[in-house]
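Asks: Sharing a structure here in structure tokens format.
The values are calculated or read from the model by the stated rules, or taken from the named source; none is laboratory data. Small disclaimer: the values here were computed from a predicted structure and weren't measured. Ideal geometry is used to build each Cβ from the backbone, glycine not excepted, and the neighbour counts take in all protein chains shown. Side chains included, ligands, DNA and RNA excluded: accessible areas come from the protein's heavy atoms. Shrake-Rupley method; radii C 1.70, N 1.55, O 1.52, S 1.80 Å.
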Amino acid sequence: MRGGLAAKVAGVAAVVAVAGILIGFYISGYLVGNTTPFRPAAQTTSGKTSVNLVLQTVAAVGPTKAPHPDWVSYLVRRPNGQWERSTIYTLPAHALVHVTIYNFDGASGLRNPFLGQPQGLVGKEVVDGKPIDAFPPDQPSHTFAVPEMGILVPVAPVSEAGEDSPKACGYAPCALSMAHRTITFTFRTGKPGRYRWQCFVPCAAGFEYGFGGPMQSVGYMDGFLNVV
Amino acid sequence: MTEAAASTTPAPATDHGKRFLVAWIVASVIATPLVAIFLGDHLPPGNGSAQAHEQVFDNSWLLAIMTPPGLFVVMFLGYALWTFRNRGTVGALEDGPPIRGNARIQTLWMVITSAIVLFLAGFGSYELVQSGAGGGQGPTAAFQPAGYQKALDVQVIGQQWEFTYRYPTYGGIETPHLVLPAGTLVRLHVTSLDAIHSFWAYGLGVKADANPGVDNIVYVHTKDPMQFDIRCAELCGLWHGYMFDTGHVVASGRFTSWIKQQQSYFAPVSKYLPPYSTTYLPDPSQRAG
Ligand SMILES: [Cu+2]
Ligand SMILES: [Cu+2]
């Protein structure tokens, strides 16, 4: 009788533990979006370290980049030229990071117009070769923002004409022959640490206030900079 | 065993009740002032603002008042464990006489606990009325501290996932940093652009919900220059845990130069900011298409 009860309790405990672990895996998997960290190669010239990070932003991540084909996303270009859905970037500390973002997405606009001004950069944000001081609030498609580092970069949208043209890219990966904007900027990493970055534009189509799904998931519109 | 039989048992050699009561009263009389005097200054949230200081005062009182009841519980447990421990004598595992209720103790218990609770209710209400105690008071603050007409207005805007700040008396300038002048009464207007956040400036003793479409007013009187932690205290989405920042109280001269510097740095975006308002209902509320 006693042994039966103990076995029952142990059984219930085991089931609860397994369920808890599975739920934990599900939630953490959802939050990190099954994304793997990407580490761009660092160059050191005359003692100064720098890296290049090439990203693209797309309205839909596409069936080859499952599990959410219709989610808006950032992608990163691997050295082999392949576009990978990753938003966790490992970067050297106290280094210059030269970022290029090819944006294939249209305008969504900011809830807070204040976030339309690039901040915390080395030099200016450049869009298609032109330096930009601030965007009107209805313009940005996305932002690349690292609040803890004081970095904010609004991403210029593809024009309406571009969105309606046959060269519009519906889903990733998008070739550079498709309609896009080219955003370049440079920032400096500080001391080592794990810094989150995010998009501030309510760009998640079909979600309440445009702020659900990909806006709440690492691997789409959120990520980490692992500064090492 | 019947009651008659119980009453015939010989009286115990020591009156444990009296002995314990005396020890407890002596310990309380010694410990309570010590706790209030020596622990009081180390209680949260520190001395960063008039409101924080008031909270330390309140916390000292609470801790002092709970010292005698706390001692009672711990001492009673300790006394019982020690005095009535099993000494290994044969037949020691015997039940004591049953307790049939004690009107005096029950009355005393109810009177004392009611008195403590009623006192705390009065004390807490009085403290709250002084200046709002650093809490959000909603759009029409009922508890205005002296000199509130001249308070510096600063708006706190919560959004997923960052607080930004506007200074209406300085042209409505918006910045991602909270800097306040020292020795100044500040009226914070806490609001949100999306989900419910909560603005918690721990070192200032300030905590106020940030609701979309609501102007939640908090008064805080800054003291000397200091740094303070800012956190979001309402689960608000993916980066809620990263919604932190460091605020600064600076000398008034430095505050003026800081504001000027922010005005010039954020000049490009200032033409796109909406006119200052106590709340905002921003577009786009949803992505088109
Ligand atoms: Cu976005
Ligand atoms: Cu929040």
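Asks: Take the residues in segment A:194-208 that are touching a residue at least 40 places away in the same chain (Cβ under 8 Å) and not in a loop (DSSP other than H, G, I, E, B); name whichever of them is nearest to A:Asp105 (Cα to Cα).
Replies: A:Gln198
Asks: Taking the condition of being modelled with pLDDT of 95 or more, open to solvent by less than 70 Å² (accessible area, probe 1.4 Å) and away from ligand 1 (no atom under 16 Å from the Cβ), how many residues in segment A:159-188 meet it?
Replies: 5
Asks: Continuing with the same structure: Among (1) within 16 Å of ligand 1 (Cβ to nearest atom); (2) more than 30 Å from A:Ser28 (Cα to Cα), where does B:Leu238 come up short?
Replies: Result: B:Leu238 passes all but (2).
Asks: Which members of segment B:249-264 meet the condition of being touching a Ser or Thr at 6+ places or on another chain (Cβ under 8 Å) and open to solvent by 40 Å² or more (accessible area, probe 1.4 Å)?
Replies: Of everything in segment B:249-264, those that are touching a Ser or Thr at 6+ places or on another chain (Cβ under 8 Å) and open to solvent by 40 Å² or more (accessible area, probe 1.4 Å) turn out to be B:Ser252, B:Gln263.
Asks: Among the residues that make up segment A:101-109, is at least one of them part of a strand (DSSP E or B), open to solvent by 10 Å² or more (accessible area, probe 1.4 Å) and more than 11 Å from chain B (Cβ to nearest Cβ)?
Replies: Yes; the residues of segment A:101-109 include at least one that is part of a strand (DSSP E or B), open to solvent by 10 Å² or more (accessible area, probe 1.4 Å) and more than 11 Å from chain B (Cβ to nearest Cβ).
Asks: Still on this structure: Between a residue in segment A:65-82 that is under 24 Å from A:Thr143 (Cβ atoms) and any residue that is open to solvent by 40 Å² or more (accessible area, probe 1.4 Å) and polar (S, T, N, Q), which pairs come within a Cβ distance under 9 Å, given they are 6 or more apart or on different chains?
Replies: As it stands, the answer is none, since no pair meets every condition given.
Asks: Just to check your reading of the model, which residue among B:Ala146, B:Ala64, B:Ala80 is touching a helix residue (DSSP H, G or I) at 6+ places or on another chain (Cβ under 7 Å), away from ligand 2 (no atom under 16 Å from the Cβ) and not charged (D, E, K, R)?
Replies: Values: B:Ala146 fails: touching a helix residue (DSSP H, G or I) at 6+ places or on another chain (Cβ under 7 Å); B:Ala80 fails: touching a helix residue (DSSP H, G or I) at 6+ places or on another chain (Cβ under 7 Å).
The conditions single out B:Ala64.
Asks: Considering only residues of segment A:115-133 that are touching a Lys or Arg at 6+ places or on another chain (Cβ under 8 Å) and in a loop (DSSP other than H, G, I, E, B), which is farthest from the other protein chains (Cβ to nearest Cβ)?
Replies: Looking at the filtered set, the residue picked out is A:Asp128.
Asks: Okay, next question. Can you say whether B:Val154 is free of Cβ contacts under 8 Å to residues at least 40 places away in the same chain and assigned to a helix (DSSP H, G or I), as far as the supplied structure shows?
Replies: The answer is no for B:Val154.
Asks: Next question, about the same structure. What do you reckon, is B:Leu21 at pLDDT 90 or above, buried (at least 16 other Cβ atoms within 10 Å of the Cβ), among the aliphatic types (A, V, I, L, M) and assigned to a helix (DSSP H, G or I)?
Replies: no
Asks: Given the criterion more than 19 Å from A:Ala179 (Cβ to Cβ), modelled with pLDDT under 90, away from ligand 2 (no atom under 16 Å from the Cβ) and part of a loop (DSSP other than H, G, I, E, B), identify the matching residue among A:Thr35, A:Thr64.
Replies: On the way: A:Thr64 fails: part of a loop (DSSP other than H, G, I, E, B).
Testing whether each residue is more than 19 Å from A:Ala179 (Cβ to Cβ), modelled with pLDDT under 90, away from ligand 2 (no atom under 16 Å from the Cβ) and part of a loop (DSSP other than H, G, I, E, B) leaves just A:Thr35.
Asks: Of the residues B:Phe123, B:Phe119, only one is more than 16 Å from ligand 2 (Cβ to nearest atom) and open to solvent by 80 Å² or more (accessible area, probe 1.4 Å); which?
Replies: When all the criteria are applied, what remains is B:Phe119.
Asks: Only one of these conditions is not met by A:Asn112: (1) within 16 Å of ligand 2 (Cβ to nearest atom); (2) crowded, with 23+ Cβ neighbours inside 10 Å. Which number is it?
Replies: Here A:Asn112 clears every test but (2).
Asks: Of the residues that sit in segment B:220-248 and are within 10 Å of ligand 2 (Cβ to nearest atom) and more than 14 Å from chain A (Cβ to nearest Cβ), which one is most open to solvent (accessible area, probe 1.4 Å)?
Replies: Among residues in segment B:220-248 that are within 10 Å of ligand 2 (Cβ to nearest atom) and more than 14 Å from chain A (Cβ to nearest Cβ), the one most open to solvent (accessible area, probe 1.4 Å) is B:Glu234.
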